[in-house]
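The numbers here are math on the coordinates, done by the rules we state, and not lab data. Computed from a predicted structure; not experimentally measured. Every residue, glycine as well, gets a Cβ built from its backbone with ideal geometry; the counts of neighbours run over all protein chains shown.
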Amino acid sequence: MVFTFSSNLTFDVGIHFPDLNAESRFKIWCNFLKLAGIDIKDSEDKIEGTASSNVILASDVEELSDKAFNGQCKCSGVFL
């Protein structure tokens with residue numbers, strides 16, 4: 001953590017976020033998608049009879065979680 005002070009008595013805080021593993025990113029994606037009203041299904045069989053725009057396969061979320069994203073995204077995702 002880095003603190004810097006300016007002449008008008010305000011300060012900025014720099015926080016270092018460690019890299020997340022795929023499991024942590026998967027949880028963040030799941031939370032984000034659920035907040036957006038999107039259901040996560042285990043298989044395509046469970047998608048039948050649902051609105052396709054509101055459903056995503058867990059395998060697709062796993063594919064998303066394999067991709068790293070920057071600290072700002074992590075910070076925003078954690079607070080969601």
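Below is a table of values for the structure above.
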read-out	value
Packing-based order for 57-63, 33-39, 23-29, using average beta carbon neighbours within 10 Å, highest first	23-29, 57-63, 33-39
Potential lengthening between Ser24 and Ala58 on full extension [0.36 nm per residue; Cα-Cα distance subtracted]	10.8 nm
For region 14-21, Karplus couplings with θ = phi - 60° (6.51, -1.76, 1.60), whole Hz, Gly/Pro x	x, 10, 8, 9, x, 5, 8, 7
Built amide H within the under 5 Å cut-off of Lys41, gap 5+	Ile56, Leu57, Ala58
